[in-house]
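S.K.: Quick one: structure below, then a few questions.
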Amino acid sequence: MFKKLIYPMQAWLLSQKRCVGCGDELSKGQSKVVRGQETVTCRCGRIFIHDSKKNTYRRALFLIIPLFLVVVLAVFYYVSLLAPNTDTAKKTFVINQGESLTIIATRLEKSHFIRNRYVFIIYCRITGLNQKIKAGTFYLTTADKLPDLTLKLTKGGSTDYWLKIIDGTRVEELANSFPDGLFFTGQDFVAKAKKLQGYIFPDSYLVPKYFTIDQILDTIKSNFDAKFAEAKINATNTKMTDKEILTLASIIEREARTLKVKQGVAGVLINRLDIKMPLQSDVTIQYVRDSKTNPTSYWKDINSSDISIFSPYNTYKNVGLPPGPICNPGYNSIYAAFHPTESDYLFYLTGNDGVMYYAKTLSEHSANIVKYLK
C-alpha cells in the first residue's frame, strides 16, 4: 500500500499501486530508502511512501491490543459473576436503611459473598437493580452467583427486629420489648426467662421474626458465655463461684455507674462478706418488694417498712449474698466483681452530687450522710 505525501489519497489508484496524479504504475518510478522508509518517485515527479513491515506490525498491534484487552475484561467480568465458592451454608447479611451501593458492594466483598465489588456495582447499574435493592436482613450463601445474589437483595430481607436489653433490668421489665405479630407475647418470654434472672445478658440483639423463645434465649446465652469468660480473664477475685460472681455483679449494677466506681463498690461488698457483715444493700430490698407487688415501674426508692420484708434476698436481715442475681448485670459490673478494688472501706454512699463516698467506720459513714446527703 502507498501513501501520497502532497495531495489527498485516491483510494482506488493507490490500491492498484498507481500514481494518483498521472495514473502511471508506481513500479516504473524510481525507488529509494529515506530514513528507513522506501519512497517511490513517479515519472511525473510525485513522491509516494511505501509502508514498511514495521509500520504494518505496529498497526496490527494497535488493533490486537485493544481487542485483547476487551477479551480479558470480558472474561474477568464473566468470572466475577460466578459464585466465590460452593459453600451453601446460610450467613446473615444486613443492609441498613440509606446505605449506598458502594458501601453494600464493599461489605459484600469483605464477607466473601461476591468476587469483586466493582463488577457488582457495574452489574447493578447495567441491569437497573441498584434502584431496587432493599434494606433488611438477608440470608445469603457464598455459593450464589452474583446475578442470583443481587436478585435476592431486591426482594427485601426478613422482618427482623431489635431486642434491646438495658444493663440492670429485671426479666420482668422485658415484657414490652417485643413487637406485635410474633408467635409469642412478651409475657410468654418473661414466664420462660424468669428463672434465668442475671443470665439475660444486656445487649442489642437482631432477632429474626420467626425465632422462638428458646432460639432467642440460646442467642442470648451464647453472648453471655462469651462476655462472662472475657470478664473473667486474669480475675483477682477467685474465691467465689460463677453464680456468686453474677449475684454480686447484679448488686453492683444497681449500686454504681462507672467501671471505676463499680470496682470500688465491689471491694466494699467483698470486705463485708469476709467479716460476715450484712451487705445492707437497698437494691436487694427493691428487688424483694417489687417481686411481691409486681409494680408497673421497678426500682423505686425504699422506705423503712420495706426493710422488714421477710425474704432470703433481704440483705438487711441476712448475712451473705442473696440466693441469686437481682437483675441482669452488664459487662462492666461482671468485670468489677472479678476485678474489685482492694480497700479497707466498709461503707459507701452516692452523694447528691453523684459522687461515691467511702468510709471505714460507721461514724465516718454517718458524717458522710450529713455532709453529702442533707
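Throughout, read-outs are computed from the coordinates displayed, never taken from laboratory work. Keep in mind that this is a model prediction, so the values were computed, not measured. Don't worry about glycine lacking a Cβ; one is built from the backbone with ideal geometry, like all the others, and counts go over all protein chains shown.
S.K.: Where in segment 154-214 are there chymotrypsin sites (Phe, Trp or Tyr not before Pro) that are in a DSSP coil and have at most 14 other Cβ atoms within 10 angstrom of their Cβ?
M.R.: Of the chymotrypsin sites (Phe, Trp or Tyr not before Pro), the ones in loops of segment 154-214 whose Cβ has at most 14 other Cβ atoms within 10 Å are Phe183, Phe184, Tyr210.
S.K.: Ranking request for peptides 356-365, 261-270: highest mean number of other beta-carbon atoms within 10 Å first, then the rest in descending order.
M.R.: 261-270, 356-365
S.K.: Calculate, in whole percent, how much of the Cα-Cα pair population of segment 193-256 lies beyond 18 Å.
M.R.: 44 percent
S.K.: Distance between Cα centroids, segment 183-202 to segment 96-162: provide it in whole Å.
M.R.: 35 Å
S.K.: About the Cα centre, and with charges only on the beta carbon of Lys, Arg (+1) and Asp, Glu (-1), how big is the dipole of segment 274-358? Nearest 20 debye, please.
M.R.: Once rounded to the nearest 20, the dipole reads 360 debye.
S.K.: If you don't mind, there's one more thing I want to ask. What is the packing order of peptides 70-76, 113-119, taking the mean over residues of other C-beta atoms within 10 Å and listing the highest first?
M.R.: The peptides rank, most packed first, as 113-119, 70-76.
S.K.: If you put +1 on each Lys and Arg Cβ and -1 on each Asp and Glu Cβ, how big is the dipole of segment 77-123 around its Cα centre, in Debye rounded to 20?
M.R.: Its charge dipole is roughly 80 debye.
S.K.: Going by average Cβ density within 10 Å per residue, which order do the peptides 226-233, 163-170, 276-283 take, highest to lowest?
M.R.: The most tightly packed comes first, giving 163-170, 276-283, 226-233.
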